[in-house]
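Report on the following structure.
The values are calculated or read from the model by the stated rules, or taken from the named source; none is laboratory data. Treat the numbers as computed from the prediction; the structure is a model and nothing was measured. Virtual Cβ from ideal backbone geometry, glycine too; neighbours counted across all protein chains shown. Heads up: the accessible areas ignore ligands, DNA and RNA and are worked out on the full protein's heavy atoms, side chains in. Shrake-Rupley method; radii C 1.70, N 1.55, O 1.52, S 1.80 Å.
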Amino acid sequence: MSVSLTRYLVEQQRSKGHIPSELRLLLEVVARACKGISHAVNKGALGGILGSAGSANIQGEVQKKLDIIANDVLIEANEWGGHLAAMASEEMDSIHAVPNRYPQGEYLLLFDPLDGSSNIDVNVSIGTIFSVLKKADASTSVNEADFLQAGTQQVAAGYCVYGPQTTLVLTVGDGVAMFTLDREQGSFVLTQEDVQIPADTQEFAINMSNMRHWAAPVQRYVDECLQGKDGPRGKDFNMRWVASMVADVHRILTRGGIFLYPWDKREPGKAGKLRLMYEANPMSWLIEQAGGASSSGADRIMDIAPAQLHQRVSVILGSRNEVERVVRYHQEAAAAA
Ligand code: P6P
């Protein structure tokens, strides 16, 4: 008997108590929105929705038509339910408060509606990343400051990867579960729970073309991997880089590995490329819930106190022993300096 997402959430609430009905409604609405996004993505060129929208987001990045479609699907799906106070998105400069015509809830939903946009037009896996926080003070009207909470404050986090399968991956703090979309039934079915990442790995993921720009600890770590079994690591490594964080993280949750998008000296004032609130924090919680680790090199990512909604962060996450090695190299470099 297959277990649907709804049954899983109800039974988890019964046994663990971390999914009150408003949060269950939120997660089911997000899952339904991801089904709609998957349908749009799968149409590809047939839907006349590939290519750029002719606009740019706050990051100054060209928006793809599907970026905006995915954003609109998530906004429209979540406005009416009464479970949210507001939403924040990579594609929107400021927060989107639930319109007054709808009841306001206590949850805050943050998302990157379609991460990996550069892969849309070349038919490579992309995904939706989401994070859920609670508004600290229910009596005040919602504003951007309500969103500025550390990753440890998340009450739910997940992504939906649009690849050969459409798979929803979710945590509410009781481990990581994976649900595969059954297109005949139109529902997400539980296909794995208690996901565990091996503490060691022989596979690293980084954009090697940036090597000359990395800080010394990252160059040291990758160089040792490249030296293979004759070098200090005593084993050979494999490399993967999909350039779609959701796809790279999904591989790591499935078979281990380490993912790095570190600070580099091209723009020294920029902490990194990836965004803390709706990319690094949700992915970090999933990785930690699966026994892995996630660091900026200096700090545990989920401990970082956010200052801006769209702030960026250096990301090193995955198999615990490898992440701890990279962190140690950062500490040794700092001590030497
Ligand atoms: P690069 C996608 O644009 C993204 O934000 C992440 O999904 C991905 O890991 C990274 O950027 C890829 O960056 O510089 O390799 O294209």
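Charge tally for residue 211 (other residues, Cβ to Cβ under 14 Å; Lys, Arg +1; Asp, Glu -1): +1. Heavy atoms of the protein chains alone define the surface here; on that basis the chain has 41 Å² accessible area per residue at 1.4 Å probe size. The relative contact order of the chain, computed from alpha carbon pairs under 8 Å that lie at least 6 residues apart in sequence, is 15 percent. Over the chain, with every protein chain in place, what whole percent of the accessible area is carbon and sulfur at 1.4 Å, could you tell me? Reported share for carbon and sulfur atoms: 49 percent.
Build a GNM of the chain with springs between Cα atoms under 10 Å apart, and of 170, 46, 74 the one that fluctuates most is 46. Under the simplified labelling scheme, the residue 15-residue 136 pair shows an inter-label distance of 3.4 nm, with each label point 7 Å from Cα along Cα→Cβ. Just to confirm my understanding: which cysteines in the chain have no other cysteine beta carbon less than 4.7 Å from their beta carbon? Here 225 come out as lacking a disulfide-compatible partner, given the Cβ-Cβ threshold of under 4.7 Å. Ordered by 1.4 Å accessible area with all protein chains kept, 144, 224 run largest first as 144, 224. Charging the Cβ of each Asp and Glu at -1 and of each Lys and Arg at +1, and nothing else, the dipole of the chain about its Cα centre rounds to 400 debye.
If each Cα of the stretch 184-244 is one equal point scatterer, what is log10 of I(q)/I(0) from the Debye formula at q = 0.14, 0.16, 0.19, 0.29 Å⁻¹? Taken in order of the listed q values, log10 I(q)/I(0) reads -0.57, -0.67, -0.82, -1.25.
With a cut-off of 15 Å between beta carbons, the residues surrounding residue 289 carry a summed charge of -1, where Lys and Arg count +1 and Asp and Glu -1.
Note on the stretch 5-192: with charges restricted to the Cβ of Lys and Arg (+1) and Asp and Glu (-1), its dipole about the Cα centre is near 540 debye. Please report, to two decimal places, log10 I(q)/I(0) for the stretch 203-336 at q = 0.22 Å⁻¹ as given by the Debye formula with identical point scatterers on the Cα atoms and no solvent. These q points yield log10 I(q)/I(0) values of -1.52.
Looking at the stretch 123-202, the trypsin sites (Lys or Arg not before Pro) that sit in a DSSP loop and have at most 16 other Cβ atoms within 10 Å of their own Cβ are 183. Taking 7 Å steps out from each Cα toward its Cβ at residue 76 and residue 180 produces label points 3.0 nm apart. Summing Lys and Arg as +1 and Asp and Glu as -1 over all other residues whose Cβ lies under 14 Å from the Cβ of residue 229 gives a net charge of -1. Between the beta carbons of residue 94 and residue 230, assuming R0 = 56 Å, the FRET efficiency works out to 0.60 to the nearest 0.05.
Note on the stretch 56-133: along the principal axes its Cα atoms extend 41, 22, 20 Å, ordered by decreasing extent. For the chain, the ratio of Cα radius of gyration to the globular rule of thumb 2.2 N^0.38 Å stands at 0.97. Using only Cα atoms, locate the centre of the stretch 162-193 and the centre of the stretch 268-314, then give the distance between them in Å, rounded to an integer. If we compute the Cα centre of each part, the gap is 24 Å. Positive end of the dipole of the chain (Cβ unit charges, origin at the Cα centre): among 242, 226, 49, the Cα lying farthest that way belongs to 226.
Scalar couplings 3J(HN,Hα) for the stretch 163-175, obtained by applying the Karplus form with A = 6.51, B = -1.76, C = 1.60 to θ = phi - 60°, are x, x, 10, 9, 10, 9, 10, 9, 9, 10, x, 10, x Hz; x denotes Gly and Pro. The alpha-carbon of residue 134 sits under 19 angstrom from the alpha-carbons of these lysines, leaving out residues fewer than 8 places away in its chain: 16. Of the residues 71, 189, 94, the one whose Cα sits farthest toward the positive end of the charge dipole of the stretch 5-192, with +1 on the Cβ of Lys and Arg and -1 on the Cβ of Asp and Glu, is 189.
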